[in-house]
Each structure stands twice: as C-alpha cells, then as structure tokens.
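Before any comments, here is the structure.
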Amino acid sequence: MADVAVPATATATPAVAPARMLRAVGRALVTRLTQLVALLLVVSTALFFLLRLSGDAARVLAGENASPETIELVRAQYGLDRPLVVQYGVFVGQLLRLDFGTSLYNGQDALALVLERAPATLQMSALAVLVSALLAVPIGTWLGARSGGRARNVVTVLISCVQGVPGFVTGLLLIQVFAVWWGVLPSIAGSGWTSLPLPILTLTAFLVPQLIRVLAASTGEVMRQDYVRTAVANGAGRGTVVARHALPNALLGVTALLGSQFAALMSGAMLTEFIFAWPGLGLLLINSVTTLDFPLVQATVFVIAVLVFLVNLAMDIVFQVVDPRLRRRAA
C-alpha cells in the first residue's frame, strides 16, 4: 500500500503561527515607539515656542525693580539673548540626550526634580481610581440591574447632583468640614497617611458619577440581551445572571473609562494638588509656569506626556487580555 503524502502546510502551520505573532508584536512595538517619539517632539516643540511667547523669563528672574543692564546680564547668562532658532536648536540637541537643563530658580537638574515629584502624582491618581472603581462597580451594577423604583430614582438624582459640582468646590468643602470644623484631617499635604483622604475623596467625587452612569447603562443593555432572558427563563437567579453574564460584559466599557480617567489624572489633577499643596507634578507645573521656569515646565510636560502614553499602552494590553475578540484579531 502506497504511503500517503502529508501536505507541507500541515506541519508548517504550528511553526508559522508563533512567527507571525512575533512579527505582529514587533511591528506593534515599532509603531508605538514611533508614535511616542513623534508625540514628544510635537509637544516639546509647541511648548518651547509658546513659553517664549508668554513672557520674558529674564525680567521675571531679575525682579520688578531690576535695571535694563541687570536684565540683559540675566538674559545673557541663561542664553535667552540668542536668536529663537538657535535656542530651539540647542533645545532639540538637549532633548535628544534627555537633558532639560537646570531650573532657573534653584539651579537643580530639571528632569531630576520632575522625577522626584512623579511618584506623588502616581500614588494619588492610582488610589483615586481604585476607590472610584470600588464604589462605582456595585452601585452601577445595582442601578443597571433594576428597572425602576423609588430607591433607584433617589440614587440617580444624588449622582447627578454630585456630578454637577466642580472638583475644586468639592475640595474646598471637604477642607471646611474635615479640617476647619471637625479638625480630624489636615488640609495641607504632609508626610503621614492622614493627608491622603481629602485629595483622594475630591478626585473620587469627580470620577465616580461618570463611572456609575457608564456601568449602569452597560449593565442595563446587557440585561436586555436574549441570552440573559434565556438564562432567567431557565431558572437562573437574578444575582447569578448579573454576576456571571451582565457584569463581565459591562466591565469592558468601564475598564476603558478607568484607563482614560487615570491618564487624565496624570495631567488634570493640578487644581486638586494646588488646593491641598500636594507635592506632585500638577503643583510643580503650576509653580513653574507662574515663574516662567522654562526648563522645569518643559521637563514636567515631557514626563506627563510619557506617563499618559504608557497608561494608554497598558490599557491596550489589558484589553487584549480581557476581550477575546481582540485576542482573535491579534492572532
């Protein structure tokens, strides 16, 4: 009996699939790195020219009553007397070496100062997102699983009211109640854990209403699907249906929103940091912009852009893990 020939593709397929996956991952990494370099170059260039157009740093450094001669000396000392094109060329050369120069006020390395403040912002943002998720998931799921009722209407009204209050107003109210009236928590950031609750609650009050609304809408939409109705008709309990069917599908949209909120907090928590004197990137950026400290502003924005990019990249990876449709598309 003649031997049956085995097609070459049958044995080659298992070896080709990993190779294709590795090539796809490599292309994705190259694309992401290219996007990051282009983003940093565009942001840094726009910021460079906007800062130079916003005011004269030499005049601010020299002081209000400084003579024209003193201002010119300060301008020459920091290279601000050169043509703008020459300054930009020097800036790009330093940017390629990740050298943002020294702060115009304290003489310390600008990038080192920014990296020293980054953990404080990351800590506050991560805790705020974690607390927001712990509050929003049960409330949003409960709202989405209920079709009506007085309790649901009351909670919905309360969420709308909280969402309409600006973040800085919430922060000031918390300071008035917990720091001024009751005196149980400090209003200014310190070294102890007691300085964490007020800024975290301020950010949580801003994040939670939107998370609850998205999760409630997603859960309600899933509860109206045919497979959920089939599970209920077959005798599955309401709690089981919500936990096994509705919540896992509804969490996909909430995960995306949490990622975008966390990325926004990297650059959008400035008012909260300013109110509570939190030693993070937001407070550093406000102070450096006020004093026209060009190197410090450029280093701060550079680090914030990198952090936002990394958060978005991490969320893409998370979606590849939790969403099987994206895994099949990548494969």
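Nearest 0.05, what FRET efficiency do F49 and V162 give at R0 = 35 Å with Cβ-Cβ as r?
Once rounded, the FRET efficiency stands at 0.30.
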Q: Quick one: accessible surface of Y78, probe radius 1.4 Å, all protein chains present, in square angstrom to the nearest 10.
A: 90 Å²
Q) Heavy-atom accessible area per residue, the chain, 1.4 Å probe: how many Å²? A) 57 Å²
Q: Arrange the residues V42, V228 by how much accessible surface each exposes, largest first, with a 1.4 angstrom probe.
A: V42, V228
**Q.** 5 angstrom amide H check on T102, placed H, neighbours 5+ away
**A.** A110
Q | C-alpha long axis of helix 84-96 to longest principal axis of the chain, angle in ° | A | 50 degrees
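Restricting to DSSP loop positions (anything but H, G, I, E, B) with no more than 12 other Cβ atoms inside 10 Å of their own Cβ, which chymotrypsin sites (Phe, Trp or Tyr not before Pro) remain in segment 161-238? If you can, show how the numbers build up before the last one.
Details: sites: F168, F178, W181, W182, W193, F206, Y227; in loops: W182.
Filter output for segment 161-238: W182.
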Q: If a/c stays under 1.5 just call it rounded; otherwise compare a/b with b/c (prolate if a/b is bigger, oblate if not). Do that for the chain, with a ≥ b ≥ c from the square roots of the Cα gyration tensor eigenvalues.
A: oblate
(Q) Using alpha carbons only, how many angstrom separate the centre of segment 85-157 from the centre of segment 230-260? (A) 29 Å
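On the accessible surface of the chain, probed at 1.4 Å, how many percent belong to carbon and sulfur atoms? Each step should come with its number before you reach the end.
On the way: 12640 of 18900 Å².
That share works out to 67 percent.
The values are calculated or read from the model by the stated rules, or taken from the named source; none is laboratory data. Bear in mind the structure is a predicted one, so any value in this text is a computation, not a measurement. Cβ sites come from the backbone with ideal geometry, for glycine too, and all protein chains shown count toward neighbours. Keep in mind that these areas ignore ligands, DNA and RNA; they rest on the heavy atoms of the full protein, side chains included. Shrake-Rupley method; radii C 1.70, N 1.55, O 1.52, S 1.80 Å.
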